[in-house]
Each structure stands twice: as structure tokens, then as C-alpha cells.
């Protein structure tokens, strides 16, 4: 035990010397750039998650301020004219290889408001992320915030990511109503199982929700009477969102709600996020019954600020709050249906409106159909930007409160998967080269993107040819390499347009070398073997002119978790995998034998992780007594690879770990007892 303690002390001393950079040299003889493209092909299977892209050598001591969580960048709106009070939330991540043993301070300042607050961060394990909370901040609508958050960790050896700056403009807005659009069917058992919970949620929030239920002819033969009443416009709205299954629910045009609806957070989180966010326009609907069978709907729109460039449409629809049948009209036992779409006026395309600030009034007249129950009809109106599909605001002519309904007992055994329209093409397995544009570079030496801030991150691009589901960020799911609260999701589970290709392009990663290793985390589960999703990652070293495929997996080969028919989200570390790729595969060697730099260099072993052999390279710029040893995670020396005097030159040595157990090891280069450098490697049997 005493010997182990001594060895651990020696190893930690080596790591501390390295972390302070006393004799550590970084090879900058050759600097390169790379760009990554993550390409997915949709097979309507289950969800894929990507997180924690990193390239290069991690510093021993390195804490980064990685995101401001609850203050939106650029322009946002308050839900009213009153001042709002928020408690700023900031994520801090230990990117270093060493634990941070002591607490340290992080400061937030907003000079424009005279605001300053300090919070203490507790000790952090390597890779750990933590959310810290600053003093309450009172924001007066119209405030511009020049936010600066910085860490004060004293022995941080990488100062490039200690400070995060953000500009935010928060303008007075108005409260929004949340538009909930669902595609359902009286012939769908899945809808019959899920819809009661959606109906209950709508009833609980009816004052601030505008609900619309479009009925479809899914599954075949599609004899839903509410669909057959107006199939043309129902299909037009379905095609607008590329909906090919029921039930499908979309909130405010942007957020697809995952099944099952009986999980409270599924609907509540998305609703709360929208209702707490103000909007720059108000909309009011007034319905009047005219003489005879005509309804006149007057819609007043007040645009408080000029809206960003877009294609803004006012859409107006007649909705029947409740349709009751004496016997079930479909193949399920349901006989009561809520918030049923009847007709759109003047059509599904809607009315083009100006994006200029001002007050506008629109008047629509439509006939009451004799099959409608007059007391149950109301007009729903909403303004939607067709360029992004986001609903800016919505309203309804009246709120019809119905008696409370008893929810069915939850049957955990029913199939959560929607009923699918199988009139869609098979998956197409090919991809084309993409011409990339240069973008901003990250901090030097250790490049990373943890996806904790706004999405897409600065310099990233997302190509979404069909305008349907694509790469997006998701909260409360995070990869294993670094802590955090967000990652990137491709929602294959909800993505019905089989064969579609979506691409996420990274920024330019600068100052990389052949000794660096690329890493990213991913997680995926299959739905059924006949629904095959795929992920391809390609890399460019010449600005996008040519590419090399470094990762290509699909279906069960991509899976990191057992197959499931429930919408997949990883819930434990063992459901993630980390992909490692040595850049020596695509970049020229940094050091050429005989071309000796003026410093000692210990390169990252390659490959890493390895099984069972790996190569360690090092450079001596002057002769010296050289020692290279391998240590296990406890600090015990397990192998001495070199222990002799060597001339100035470039060297490489192969290390075979067959006799060792899988795990994390360290290797150290010591020259003349003065120069010390240590690196980590991973052995996986």
C-alpha cells in the first residue's frame, strides 16, 4: 500500500508539472484545418443523438464557461409590458484531464444594468458540467444586455475559454397563445390510446391553447368520416408538415411532441417554454352570427415591431369543439372527438400579410354547414412564417369549456408507434460531396463543441432539403465525454419521409495536427429491423473540395442500446458510445525523421483507444537520458519501455498491452530528470 501511495504521488507530480507547462512543448511546426459533415438518412426508425465533438490534446487543468441557459442571444420578447425577474443560469464544464479539487468563483457582469454577481463552483471531476445560479436579475422591457461571464480558476492552463460574452436585446412583447395541431384518425388504435391524454392537457390549458385536430385516412382503408368531410384541405395541411403517421402533434409549428402523451413532461415542457416566451404581435378573433347561416370572423392583428424577413401567412379555420356520434364512426370504440378541423378560409395557403409594424384588420365570412353543431363552432386564427413554419401567435373566437372527462387506465403494453401511411418510398443509400464554406475557428490546441449553447452553434450549418425534421438540440440528454444538459437529436422516430438526407456541417476546426484524435459521442436504438436509419461522417482537410468517410453505420450496427418501439432517449452512460479517429489517417506527419525541432515532443499514441498494440512517438532536440514508462490508473508503473541515453532524433516505439487489463493508462516521457510530459491512453480488449 505504501508503494502504491508513493507511485500515485509521483504520477500526480508528473501531471501537475505537465499542467503548469514547466517543460511541456506543443508541436506547432505544421497547422492544419478540418471540417466535419454528419450525414443522416432517414429510415423512420428511432432517434439518434450526437454530442461532445472534440479534437486535440486536452489540457490538464481547463475549466470553460460553456453556455448561458435562460437568456436568449440577440433579440427576444417579454410576455407583457411588466418587468421580469430571472435567475441567470450558466453552465461550467471541466474540460481538463485532472479533477478540480477546490471550489472557485465565476462572475457574471452586465455593465449596461450595473449588474454583477459571483457564484462559487464546487470541486469538479474531469468532464463534469454543473449549472450555477446567479443573483436575481430584474429586466425592464427594452433592456440591452452586454453579458460577460468569466471563471477565476487560478491554475487554469487554457485561458481561451474562460470567458463567455453575449449580447441580448429584450423588448416588450405580448403574451402568446400556443397552437397545438394534431393529426389523428377514428380508425387508428394508436390515436384512441393516446388522444385522451392530449385532450386532457388541452382542457387544462384551454385559456392559452388553440387546438386543431386534422383527421386523416390512416391507416387504410381511411374511412374516417371527419377526414372524408374535407379530405383536400386536411391533406394540404398534412403535406405542409410532411405528416405520414397518426397521431402526430406539432406545437407552434416547430416542436414535434413525442409519444406517449400520458408522460406529463412530454407536453408540459414544450408548452411552458413557449408560454413563457413573449411574441412581437397580438392577435384577437371576434365571431358574430349574422342573419341566416353566416359567421363573420373579425381578426385584429397588431405587429409591435417590424418582423424579420419572411413569408408570413394568416390562416383562418373553422373548428368544431366536440363531435359526438351515437355509435363509433371508425374501427375503434371512440364516439366523441374534440377540436375537429372543418374548413380553412379562404384556403389552406392563407392570406399573405405584411411584416411591417402596425395594426391590421381582416374580416372573413363563411357559411355554417348544416352538419355542424352551431354551439360548438369557433374560429381559429394564427400567423405563421412559412420560411420557418414557426407560429408567431394564435387565437380563437371563443373558449368552449366541456365537462371534465375521465382518463382511461394506462395500458403500458400498447404499441406506442404511430399508424403509418406506407405510401412512401424506400430508403435511398447514397450521398453526394458537399461544398463547404469556411467559418469561424475555435480556440487553438483543443477544439470542442458541447452543444450547450444556441443551435446551430456559431459556424455550423444544417442542410434540410425537404424542410421537414432535421438536426436540432434537445434538453436533458447529454453524452458521456463531458457533462452538460443538451445534445443534438435527429428524430428519426417522427421522421416519416423515408430516404431523406440531412446534413450538419461543423465550423472549421483550426490548428489541428496528425497527432490529434477526433472524438464524438453518439447514441441510437433501432425501432424494428425493417426501419433502417444511418449515420455517415465525412472529413475534409482542404476546405470542402474532397472528403474521406471516417464513420458509416446503420441499423443494428449503429445501435448502442437495445431495440425499442418507444421513442428512444438514452437514460444511462452505457447507452452511449464514443467514436475515436486519429487524424494521422488524413493529415501528413507533423514531424519528419531527420527534421528535428528545437524542443522535446511527446505525441499522442496512435491508435487510441487501442487493442492490443499502439505506437508512441517522441522527439529529442538534444541528447539525453530518456525514460518512458506506462502507469495504470492508480499510479503504479506497469511497463518501462525505454531507459537509456539517446541522441537527438525522432523516435517511435510500439507498446503491446496484451498482458494488461482493459482500462485507462498514462505514459510519461522524462528526459534528464527535467523535461516531463504525460499523456493518457485507453486500452480496450
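Bear in mind these aren't lab numbers, they're just calculated from the coordinates by the rules spelled out. Owing to the predicted nature of the structure, the values given are computational and were not obtained by experimental measurement. FYI the Cβ positions are ideal-geometry reconstructions off the backbone, even for glycines, and counts take in every protein chain you see.
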Practice problem: Working from Cα positions, state the angle (0 to 90°, nearest 10) between the long axis of helix 264-275 and the longest principal axis of the chain. | Solution: 80
Quiz prompt | Residues listed by number, region 568-582, amide nitrogen under 15 Å from residue 269 label point at 7 Å toward C-beta | solution = 568-572
Exercise. Starting from the Cα-Cα distance between residue 111 and residue 146, subtract it from 0.36 nm times their residue separation and give me the gain in nm to one decimal.
Key: 12.0 nm
Quiz item: Hey, what did region 488-607 get for relative contact order, percent, Cα under 8 Å, at least 6 apart?
Solution: 35
Quiz item: In degrees, nearest 10, range 0 to 90: what is the angle between the Cα axis of helix 2-19 and the longest Cα principal axis of the chain?
Solution: 70
Quiz item: What is the distance, in nm, between label points placed 7 Å from the Cα along the Cα-to-Cβ direction at residue 322 and at residue 573?
Solution: 5.3
Practice problem: Calculate for the chain the 222 nm mean residue ellipticity that helices alone would give, adding -39,500 (n - 2.57) per DSSP H run of length 4 or more and normalising by residue count, nearest 500 deg cm²/dmol. | Solution: -3000 deg cm²/dmol
Quiz item: Against the longest principal axis of the chain, how steep is helix 231-241, in degrees 0 to 90 to the nearest 10, with axes from Cα atoms?
Solution: 20
Exercise. Could you let me know the centre-to-centre spacing of region 497-535 and region 45-64, using Cα atoms, in angstrom?
Key: 13
Quiz prompt | residue 634-residue 563 FRET efficiency (beta carbon distance; Förster radius 41 Å; 0.05 resolution) | solution = 0.60
Quiz item: For the residue pair residue 351 and residue 232, what label-to-label distance in nm results when each label sits 7 Å from Cα along the Cα-to-beta-carbon direction?
Solution: 2.1
Practice problem: Enter the Cα centre distance for the pair region 651-685 and region 109-154, rounded to the nearest angstrom. | Solution: 40
Self-check item: Contact order normalised by residue count of the chain, Cα under 8 Å, 6+ apart, percent
Solution: 19
Quiz prompt | Antiparallel content of DSSP bridges confined to the chain, in %, to 5 | solution = 90
Quiz item: Binned at 10 Å from 0, what are the whole-percent values of the Cα-Cα distance distribution for the chain, short to long?
Solution: 3, 13, 21, 22, 18, 11, 7, 4, 1, 0, 0
Self-check item: Cβ-Cβ FRET estimate between residue 175 and residue 103, R0 fixed at 56 Å, reported to 0.05
Solution: 0.85
Quiz item: How far is the Cα center of region 298-362 from the Cα center of region 192-250, in Å?
Solution: 13
Self-check item: Extended-chain gain in nm, criterion 0.36 nm per residue less alpha-carbon gap, residue 286 and residue 672
Solution: 130.3 nm
Quiz item: When the chain is fully extended, how far beyond the present Cα-Cα distance does residue 89 get from residue 401, taking 0.36 nm per residue of separation?
Solution: 108.5 nm
Self-check item: Label zone at residue 367, where the point sits 7 Å out along the Cα-to-Cβ direction: region 280-300 residues whose backbone N lies under 17 Å
Solution: 290-297
Quiz item: For the residues 372, 183, 576, what sequence is obtained by ranking on other C-beta atoms within 10 Å, fewest first?
Solution: 372, 576, 183
Practice problem: Mind giving me the nanometre distance, one decimal, between the label points for residue 651 and residue 276, set 7 Å out from Cα along Cα→Cβ? | Solution: 5.8
Self-check item: Whole-number percent relative contact order across region 63-157, with pairs defined as alpha carbons under 8 Å at least 6 apart
Solution: 36
Quiz item: For 621, 215, what ranking results if the residue with the fewest other Cβ atoms within 10 Å of its Cβ goes first?
Solution: 621, 215
Quiz item: Between residue 643 and residue 154, what FRET efficiency comes out of the Förster formula 1/(1 + (r/R0)^6) with R0 = 45 Å and r the beta carbon distance, rounded to 0.05?
Solution: 0.80
